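The values are calculated or read from the model by the stated rules, or taken from the named source; none is laboratory data. Please read these numbers as outputs of a predicted model, since none were measured by experiment. No Cβ is skipped: glycine too gets one built from the backbone with ideal geometry, and neighbour counts run over all protein chains shown. In case anyone asks, the SASA skips ligands and DNA or RNA and just uses the protein heavy atoms, side chains included. Shrake-Rupley method; radii C 1.70, N 1.55, O 1.52, S 1.80 Å.
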Amino acid sequence: EEPALGEFAPVVLTGGLALPHDDDVAARAAARAFAAEVAREHGQPVRVEGAEHRAITLRELGLLVEHVEEHSRSWVGRRWSAGAWREVRGLKPEEVNLYDVNLNLLARLGAELGISFSELFARGQERKPKVFLSHAWSHSLLQTYEALVQHAKDRGYGEDEPIWICAFAIRQHAVELGAIEDSPFFKALKATAMTLIIVAAEGEGVLDRSWCALEMNLAMVEGGAGYLTDIYTHHEGEVQRLTDGLIAADRHRNNAGGKARRDGEFPFAIIERALKFALADTKAAVQLDRDNILQYVQQAAGAELLDATVRARYFVAALEAVVKAHNGAALVAAGFEALGRSALPRLSLTSAIGEVHAHTLVRSLPSSVVEVLLPGVEIGDEGAMLVGTFLSSSKALTTLDLNSNKIGEAGALGLSKALEVNASAQPLLQPDRRRRRGRPRQGADLAQSQQYPDRRTSRLAIRTAWLSKTG
């Protein structure tokens, strides 16, 4: 088994892997040339205290990618082969990972200039990050860049928005993390609005690293209803995405089906691995770090809640595929059980999964959920009444989409009564007697919004549900 190099890599790596020797003249010259080139455009680097303030931008990461594409063949890498770490020279750009970048550039910049990569560009200015990147260093640098470019398009931020990436924020020649709450990972993620998790093939890296598990806990469990956690990977040359709810393109086109298509294309091998996630199974290069992370998570919300939330996040996105899997019955049962115990804030599903699974899904909704999008999943009248049961007690739900679910009058009445008895809600169901061209009569229009003084969020928007007797 390949031993972990850790979530970060200091100058001397775990297992005695040292920085390339000083006689690697070409690599040293290339690192100095890169720093000089940046200085010509951005001025001499100025130190920024506090690694949590050292975000970089897509534009700056693009310059690094260009440098790698030009110079990686003169770099030295380390690869696990035949039970030992072996030196590899002449790396192709697509082979370069962050361990290689650190060995050949980041640690050199630190050793010679005493700075991180971010400090080459920041001109001494603190940068509050918008996005936190959670990933394994073994992932390809070029693929990481491609995923971030896609994420920027999906979430509508530009190439100059600050992104926090540990390798480029921490001074790699002198890594000091401190206690969990004092670590730059903790502080940086708490300052962001969203986290992008990049998962390698079959969940390698992120799903078995303790530091990544901590980041998932901070984002998925502690982040709260307004925090977004997206999960990307590369598969067959494309960026595949599990987005946290809808993205800008979906909302612009009023098309929740776009998310369903993305979810369906996500590699099932990763889903299977994620359904077995357990904090207790994760590893860290430093045993003390692992012990501290497990202790923090247990005291913050509990390992069981993190395990359930991670599993539920992947399960819901791939529910249709899970149902069809050869071992689907066991996975479905485990997935619904995890969903009910999770802290999931958003749930979106647009595939017809059949009434039995749709009803179980509704019964398994966690109390934490604020947004439920279930258009066309075939919940029917019985499912609508189950939704009503959930609505009658929910204090968190703010958005519900039951469009195209063949809900008749009985289901509509069940929803209406649930809203009437909800202590914090006003009745939302309003009769709609209008006949719309080319469409059956609607029994009710569920699009009205009301104010809820004692809720964290003040709007409950329920999109129109089909209520014709004929279905």
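Filtered by the rule that a residue be within 21 Å of VAL46 (Cα to Cα) and either among the aliphatic types (A, V, I, L, M) or touching a Ser or Thr at 6+ places or on another chain (Cβ under 6 Å) (or both), the range 92-113 gives LEU105, LEU106, ALA107, LEU109, ALA111, LEU113.
Among the criteria (1) open to solvent by 40 Å² or more (accessible area, probe 1.4 Å); (2) over 24 Å from the mean Cα position of the chain (by Cα); (3) not β-branched (Val, Ile, Thr), the one ARG127 does not fulfil is (2). Checking ALA325, ALA284, ALA329 one by one, the residue that is within 30 Å of LEU402 (Cβ to Cβ) and open to solvent by less than 50 Å² (accessible area, probe 1.4 Å) is ALA325 and no other.
Out of all the residues in the range 283-299, is one or more in contact (Cβ under 8 Å) with a residue 24 or more places away in the chain and under 18 Å from LEU349 (Cβ atoms)? No, there is no match, as no residue in the range 283-299 is in contact (Cβ under 8 Å) with a residue 24 or more places away in the chain and under 18 Å from LEU349 (Cβ atoms).
Restricting attention to the range 112-124, the residues that are open to solvent by 10 Å² or more (accessible area, probe 1.4 Å) and of a type in the set (D, E, K, R) total 2.
A single member of THR309, THR350 is touching a residue at least 40 places away in the same chain (Cβ under 8 Å), in a loop (DSSP other than H, G, I, E, B) and polar (S, T, N, Q), and it is THR350.
Take the range 303-322 and flag every residue that is open to solvent by less than 10 Å² (accessible area, probe 1.4 Å) and not aliphatic (A, V, I, L, M). Hits for the range 303-322 are THR309, TYR314, PHE315.
Filtering GLU355, GLU409, GLU382, GLU420 for residues that are open to solvent by 50 Å² or more (accessible area, probe 1.4 Å), modelled with pLDDT of 90 or more and more than 28 Å from THR229 (Cβ to Cβ) leaves a single hit, GLU382.
Every condition in (1) at pLDDT 95 or above; (2) more than 22 Å from ASP208 (Cβ to Cβ) is met by ALA303 except one, and the failing one is (2).
The residues listed here are ARG59, ARG108; of these, the one that is closer than 21 Å to VAL175 by Cα, of a type in the set (Lys, Arg) and part of a helix (DSSP H, G or I) is ARG108. Screening GLU66, GLU41, GLU87, GLU94 for residues that are farther than 30 Å from THR192 by Cα and open to solvent by 70 Å² or more (accessible area, probe 1.4 Å) leaves exactly one candidate, GLU87.
Would you check if GLY237 is closer than 23 Å to LEU98 by Cβ and free of Cβ contacts under 8 Å to residues at least 12 places away in the same chain?
Answer is yes for this residue.
Can you tell me which residue within the range 228-278, out of those that are of a type in the set (Asp, Glu) and in a strand (DSSP E or B), is surrounded by the most Cβ atoms within 10 Å (Cβ to Cβ)? Going through the qualifying residues, I end up with ASP230. Among the conditions (1) open to solvent by less than 10 Å² (accessible area, probe 1.4 Å); (2) of a type outside the set (S, T, N, Q); (3) at pLDDT 90 or above, LEU109 misses just one, which is (3). When VAL377 is tested against the conditions (1) open to solvent by 20 Å² or more (accessible area, probe 1.4 Å); (2) at pLDDT below 90, the lone failure is (1). Scanning the range 333-347 for residues that are open to solvent by less than 10 Å² (accessible area, probe 1.4 Å) and part of a helix (DSSP H, G or I) turns up GLY335, ALA338, LEU339. Look at SER364 and say whether it is in contact with a Pro (Cβ under 8 Å, 6 or more places away or on another chain), open to solvent by less than 30 Å² (accessible area, probe 1.4 Å), of a type in the set (Ser, Thr, Tyr) and without any contact (Cβ under 8 Å) to a residue 60 or more places away in the chain. No; evaluated as a whole, the condition is false for this residue.
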